[in-house]
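Notes for the one structure printed next.
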Amino acid sequence: MQSVPYFDYSRAFEPYNQQILDITKDILGRGAFIQQRDLVEFEQHLAKFLNVKHAFGVANCTDGLVMLARAAGIKPGDEVIFPSHTMVASAAAMVHAGASPVPVDCGPDHLIDPVSVEAAITARTRAIIPVHLNGRTCDMAPLQAIAESHNLLIIEDAAQALGSTYRGKHAGTFGIGAAISFYPAKILGCLGDGGAVVTDDDKIAQRVYQLRDHGRNEQGEVVEWGYNSRLDNLQAAILDLQFKDYDKIIHRRRELASLYDSRLRDLKTVCLPPAPGNEPDRFDVYQNYEIEADRRDGLRGYLKERGIGTLLPWGGKAVHQFAGLGISRDLPATARLFQRCLMLPINMMISNDDVEYVCRAIREFYCG
């Protein structure tokens, strides 16, 4: 029986093993561990790729969102609207910045629904957090119009979307700033937690620069209460190594998405994400391949029996469905999605033959 894990962490960095060892030896030899040239070079390359003025490596994406919120002036009593179809970190970051997170529904593309956003706005609303999930940028035009109409900030959670675009603009470049994740399973991943904050706003940049390093300014003077949230130099060097191949990596993931689409699009029992090239406004990078499926749990069990790994997003619950958080809402589209959604394997370790095997098993489950 063929085995197709959802994600094999033990093989994630195989193509770079020797280069990673060489980088590690070099950095050990230089004693270059924190905020050295490797970090600066990676930040410069990331900013150039996204066409933004500033990029800062931080310890993780969640910290990045907290610091962005603080830099933007989010304060206790403010409400921040976010899609409940996301990792809890999107909302938790706002809580840690002192705000109240307000969950809203998702649209047919599984991303934040602009209609639901507008309906949730109150006198206390201060910001909207579009979460660009699965390597796809949100429908930003209506969100920007809503934000402008109500004088709201846009803070982007681009954890899963580095390289995706909407109408030619990169995810993470529409609002006052964005946070990106480099968790090992991301398209660009490091050997543990890591993240970045990107922005075109000089004032936001200055605050994030200070906040990530204990509140110290460029002269080393502590000017505010900050965090110890710096992307370490070794991780930055490893990220920069892979970043040189990023276009090829994205191309390969789009190839895999096209193969899934060609083998499954005729099935009425599954709903697939848009295929590469199907939407002129968007360029998707397929961080995940999230489908909707009839009899989802039965399908998942059937695939497991055949050695195929799948994933329920965030353990199968949207943020508003975690009772302990105390933010329950009636979000019918999101509730329905979490009864049907399932992620299929898509990463640089699987082959075309692996995808063919997964698709044959799905067809067997539904068609016999």
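The values are calculated or read from the model by the stated rules, or taken from the named source; none is laboratory data. All figures in this text were calculated on a predicted structure; none of them were measured in a lab. Note that we place each Cβ from the backbone using ideal geometry, even for glycine, and neighbour counts take in every protein chain shown. Just so you know, the surface numbers come from the protein's heavy atoms only, side chains and all, with ligands and any DNA or RNA stripped out. Shrake-Rupley method; radii C 1.70, N 1.55, O 1.52, S 1.80 Å.
In Å², what does the accessible area per residue of the range 208-344 work out to with a 1.4 Å probe? If you can, show how the numbers build up before the last one.
Working: 6640 Å² over 137 residues.
I get 48 Å² per residue for the range 208-344.
Looking at the range 247-322, the chymotrypsin sites (Phe, Trp or Tyr not before Pro) that sit in a DSSP loop and have at most 16 other Cβ atoms within 10 Å of their own Cβ are PHE322.
What the range 1-65 shows is 58 Å² of accessible area per residue, with the surface traced by a 1.4 Å probe over protein heavy atoms. The solvent-accessible area of SER181, taken with every protein chain present and a 1.4 Å probe, is close to 20 Å². Across the options GLN35, HIS110, ALA161, the greatest Cα extent toward the positive end of the charge dipole of the chain (unit charges at beta carbon of Lys, Arg, Asp, Glu) belongs to HIS110. By the helix-only formula, in which each DSSP H run with n ≥ 4 contributes -39500 (n - 2.57) and the sum is divided by residues, the chain has a 222 nm mean residue ellipticity of -11500 deg cm²/dmol.
Consider a paramagnetic label point 7 Å from the Cα of ALA92 along Cα→Cβ; state which residues of the range 184-202 have an amide N under 14 Å from it. Of the residues in the range 184-202, 193-194 have backbone N under 14 Å from the label point off ALA92. Shown here for the range 103-146: trypsin sites (Lys or Arg not before Pro) in loop regions (DSSP other than H, G, I, E, B) with at most 12 other Cβ atoms within 10 Å, namely ARG124. Looking at the range 141-240, the trypsin sites (Lys or Arg not before Pro) that sit in a DSSP loop and have at most 16 other Cβ atoms within 10 Å of their own Cβ are ARG167.
State the percentage of accessible surface on the chain attributable to carbon and sulfur atoms; use a 1.4 Å probe and exclude ligands, DNA and RNA.
Numbers: 8080 of 15970 Å².
Carbon and sulfur atoms account for 51 percent of the accessible area of the chain.
Which of the pairs LYS169/LYS203; LYS186/LYS268; LYS169/LYS317; LYS75/LYS317; LYS48/LYS169; LYS48/LYS244 have their Cα atoms more than 19 Å apart in this structure? Listed pairs above 19 Å: LYS169/LYS203; LYS186/LYS268; LYS169/LYS317; LYS75/LYS317. The range 243-320 and the range 50-77 have their alpha-carbon centroids 29 Å apart. Extension gain, ALA185 to CYS367: 0.36 nm times the residue separation minus the Cα-Cα distance gives 62.3 nm.
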